[in-house]
Amino acid sequence: MTDGQPIHVQVGFNYVQAMIDLLTKFTYREIAERLGYSSVGSITAVLSGKVPSHLHGEALWLLYRDTFGRRPPLSAVQQIANSLTE
């Protein structure tokens, strides 16, 4: 851990918000199929805060970018870190 935060919180993106945004365009089943999950329970797990595997996280990033034409939202920690480096 660095700065009191687990490392996985400091990398990636805001998986929960990305999933919430995608649910405005797709069903649970459609997202699960597009991300390579075998069940919609995995979508619920991400919505509950579970960090997806690297493979599924990358697929989520790509689906978000392809759907909305921009990168997924950053976590609060990442937003603060980015503002400090600008």
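When Val9 is tested against the conditions (1) surrounded by 13 or more Cβ atoms within 10 Å (Cβ to Cβ); (2) at pLDDT below 95; (3) closer than 16 Å to Arg71 by Cβ, the lone failure is (3).
Scanning the range 18-56 for residues that are surrounded by 13 or more Cβ atoms within 10 Å (Cβ to Cβ), assigned to a helix (DSSP H, G or I) and either acidic (Asp, Glu) or modelled with pLDDT under 95 (or both) yields a total of 3.
The values are calculated or read from the model by the stated rules, or taken from the named source; none is laboratory data. All values derive from a computational prediction rather than experimental measurement. Cβ: placed from backbone, ideal geometry, glycine included. Neighbour counts: every protein chain shown.
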